[in-house]
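The values are calculated or read from the model by the stated rules, or taken from the named source; none is laboratory data. Note that the structure is predicted; figures quoted are calculated from it, not measured. Here the Cβ positions follow ideal geometry from the backbone for every residue, glycine too, while neighbour counts run over all protein chains shown. These accessible areas exclude ligands, DNA and RNA; they are computed on the full protein's heavy atoms, side chains included. Shrake-Rupley method; radii C 1.70, N 1.55, O 1.52, S 1.80 Å.
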Amino acid sequence: MDIVESILDIPVQNPPEEEFSSADLTWTKFGTPDRHDDVALIPYDRVDTFIIGECSNVEYWCSFGPENYGEGGGILPSRRYRLNTRNRAARPQSMRGCTCHFVVKRLYARPSLALIIYNDRRHVNKSGFVCHGPLDRDAIGPGAKKIPYICNEIQQQTMSMIYLGIPEENVLEKHIEGIQRYCGSNAKVDSLASQYVQKLGMIIKRSTHELDLDDQASIRMWVERNKKSIFFYQNTSEADPFILGIQTEWQLQQMIRFGHRSLIAADSTFGIKRLKYPLCTLLVFDSRQHALPVAWVITRSFAKPDVAKWMKALLSRASSVEPGWKISGFLIDDAAAENDPIRDVFDCPILFSLWRVRRSWLRNIVRKCSNIEVQREIFKRLGKIVYGIWDGLDTLAALEELTLDFVDQTAFIQYFKASWVPKIEMWLSTMRALPLASQEASGAIEAYHVKLKAKLFDDSHLGALQRVDWLVHKLTTELHSSYWLDRYADESDSFQNVKEEYVASTSWHRALQIPDTAVTLDDKDQLFAKVLSQKDSNLTHIVWNPGSEFAFCDCAWSLQGNLCKHVIKVNVICENRQGYQSSMSFRSFKEILTSLRKKHMDDSIALDLSMAWTQQMLEQIKQLVELNSSNNISSVVNNMPLKWVSKKGRTSVGIPSSILVLPSSSRSITKNVAVRQKNRKRKRLSRLRW
């Protein structure tokens with residue numbers, strides 16, 4: 001069969017059957033003589049029917065690879081004998097080194113089409129031998145020819161429900177529903193499914209975080225068993241600190257999906273006082289702008305070289321799956337964080353989120369000051385100090401005045417002097433130097449932080465906080481399962497109670513449910529606003545200092561230090577009213593634009609640089625407006641200038657940046673053609689830079 005080197009030469013196929021499989025398609029070899037795959041082009045809206053049809057075949061879509069969990073790393077063929085499983089639960093599935101798998105990719109320039117890449121359509125291991133399933137004639141084991149296929153999605157759904165404590169009968173019901181999508185209703189299938197759920201539940205209940213009495217030895221064993229979920233590991237030594245970077249395959253998929261050309265945020269230094277090693281979580285914002293954990297880093301070291309190590313490893317892992325993957329911005333919440341590794345590795349702007357400062361101040365004010373009037377006044381004064389970073393406010397004088405005015409609030413003043421006064425200049429200078437994140441982003445990060453705290457700092461786990469293996473176990477089982485089920489419920493429109501809780505899990509989304517008519521502003525003095533409760537019409541919440549990130553609400557959620565829905569709703573309304581101050585994120589954005597507009601000396605390099613920055617922003621804004629207003633992305637792409645890059649450039653860049661560059665001359669194009677003719681390895685599809 002001839003090898004096709006251009007994706008434009010691959011025909012689009014649309015089989016008439018309601019469900020179709022690989023047997024119904026004509027496969028084309030695509031790539032180079034040295035490396036090529038079997039591919040087919042189908043309409044994107046028929047991807048689901050292809051997957052269902054492929055999974056219905058005897059030669060089903062495989063989840064028995066590519067890892068091989070045979071003892072000693074040897075070949076693990078299908079068992080030719082039966083196991084006595086009366087005294088222990090057998091593994092529901094075993095990886096057997098199977099190389100059969102396919103990948104579905106949506107085309108950027110032709111989004112109505114999907115490219116199916118089948119790397120191997122035979123269920124064989126690296127040695128070329130059939131390694132499992134119905135085609136293995138010698139397989140007896142647990143009935144390899146009869147057991148229904150359980151895809152990763154169904155398995156993860158069942159595991160998530162068990163980890164979250166959902167009753168077994170409900171788990172079994174959903175498990176059978178998932179299996180019947182592929183093999184129909186069958187009494188034998190239902191019986192085997194019941195056995196599977198029981199055994200899986202038994203395994204999970206018997207599982208423990210303590211693989212060894214020694215915590216370090218236990219972690220080493222866990223890392224060895226879960227290499228797929230590790231993107232960086234550095235054991236403790238005299239020269240190097242302990243660093244463990246965790247990212248499951250599902251988290252990697254979500255990071256690539258929601259992080260590309262978007263934002264990544266860090267919830268850093270969680271548990272710095274209570275855990276053996278602090279936890280840093282990397283978050284992306286999903287389709288509902290909720291914070292979704294896509295990586296966890298457990299380490300005590302925040303030194304620049306150590307941070308750079310795991311950041312490079314994380315980026316490398318994403319790029320190996322999606323070449324050209326790139327983020328548009330990185331949100332930090334700690335003024336002491338090292339910014340150089342972020343700029344060097346991710347090459348993106350850095351934003352600062354106020355949520356940690358706001359939460360810490362409000363929680364301690366409520367705890368240490370008993371009078372609610374004093375609480376709201378102190379919080380308002382601290383907000384004025386933060387807002388004063390652009391107005392030339394004398395911070396030390398303002399802090400001294402605050403201390404004198406509230407000298408009777410001994411507990412809070414002592415806390416503030418000890419914890420914040422020595423480093424407040426550092427925090428304020430960071431707020432002044434970096435763009436500030438929005439309240440929506442801050443609320444989403446805080447919502448994740450609150451959920452993480454509830455999961456980890458349960459009273460029943462207090463004795464295990466100093467063990468790293470316990471922390472890893474909690475993250476990769478309960479917390480991971482919770483977020484997986486949230487996303488699955490939302491995208492599949494199932495588990496309605498889970499979906500409703502997930503949608504309403506951030507204060508921003510809860511604020512959107514409050515009608516404008518429920519908010520009453522004090523237009524005379526602009527001191528407060530009233531918000532009518534949606535659950536109890538006789539209850540009204542008062543928000544003091546409206547329009548500010550440091551607004552104070554008297555609701556229970558706010559008094560726990562959280563950014564509540566009433567504050568967000570009031571601030572959104574105040575944005576469109578005269579006399580109220582702008583949000584800090586908008587004020588920060590305005591200051592950046594103002595600095596670009598400052599008149600520089602005529603004919604100076606500073607003027608050139610300011611002009612270049614302004615023009616770059618203008619071009620990117622134009623592209624975003626065109627993309628958002630267009631119903632067909634392909635028409636936008638076709639109108640963009642082209643830049644063809646070499647193989648080396650495609651490997652390192654992949655999906656290029658938004659800078660639009662035309663070829664300098666036809667001479668350079670001719671030269672590139674000659675090189676490609678000389679070396680056939682370079683005869684691959686060039687990527688479109690846009």
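State whether one or more residues within the range 538-553 are part of a helix (DSSP H, G or I), open to solvent by less than 50 Å² (accessible area, probe 1.4 Å) and over 25 Å from A437 (Cα atoms). For the range 538-553, residues part of a helix (DSSP H, G or I), open to solvent by less than 50 Å² (accessible area, probe 1.4 Å) and over 25 Å from A437 (Cα atoms): absent.
Within this structure, E54 fails the test of being open to solvent by 20 Å² or more (accessible area, probe 1.4 Å) and free of Cβ contacts under 8 Å to residues at least 60 places away in the same chain.
If you go through the range 362-382 and keep only what is open to solvent by less than 20 Å² (accessible area, probe 1.4 Å) and farther than 14 Å from C553 by Cα, you end up with C369, L382.
Which one is surrounded by the fewest Cβ atoms within 10 Å (Cβ to Cβ) among residues in the range 205-226 that are aliphatic (A, V, I, L, M) and free of Cβ contacts under 8 Å to residues at least 60 places away in the same chain? By that ranking, first place goes to L213. Report, by residue number, each residue of the range 1-28 that is within 34 Å of the chain's Cα centre (by Cα) and outside any loop (DSSP other than H, G, I, E, B). If the condition is that a residue be within 34 Å of the chain's Cα centre (by Cα) and outside any loop (DSSP other than H, G, I, E, B), then I7, L8, V12, S22 are the ones that fit. All conditions in (1) of a type in the set (S, T, N, Q); (2) surrounded by fewer than 17 Cβ atoms within 10 Å (Cβ to Cβ); (3) at pLDDT 90 or above hold for S229, with the sole exception of (2).
For K309, are the conditions met, namely being open to solvent by 10 Å² or more (accessible area, probe 1.4 Å) and either at pLDDT 95 or above or not assigned by the TED database to the domain that holds D347 (or both)? The answer is yes for K309. Pairs are defined by a Cβ separation below 6 Å, a sequence spacing of at least 6 or placement on different chains, a first member in the range 8-31 that is at positive phi, and a second member that is in a loop (DSSP other than H, G, I, E, B) and among the charged types (D, E, K, R); no pair meets this definition. Pairing each residue of the range 465-491 that is outside the structural domain of A444 (by the TED database) with any residue that is crowded, with 19+ Cβ neighbours inside 10 Å and outside any helix (DSSP H, G or I), provided the two are 6+ apart or on different chains, yields C-beta distances under 6 Å for A489/F495. Looking only at the range 276-286, decide whether some residue is open to solvent by 10 Å² or more (accessible area, probe 1.4 Å), over 30 Å from A239 (Cα atoms) and not β-branched (V, I, T). Yes, the conditions are met somewhere in the range 276-286. Screening the range 387-505 for helices (runs of 4 or more DSSP H) wholly inside it with 1 or more residues that are open to solvent by less than 30 Å² (accessible area, probe 1.4 Å) and basic (K, R) returns the ranges 468-474, 480-492. Against the criterion of being small (G, A, S), surrounded by 19 or more Cβ atoms within 10 Å (Cβ to Cβ), in contact with a Phe, Trp or Tyr (Cβ under 9 Å, 6 or more places away or on another chain) and within 16 Å of W427 (Cβ to Cβ), A335 qualifies.
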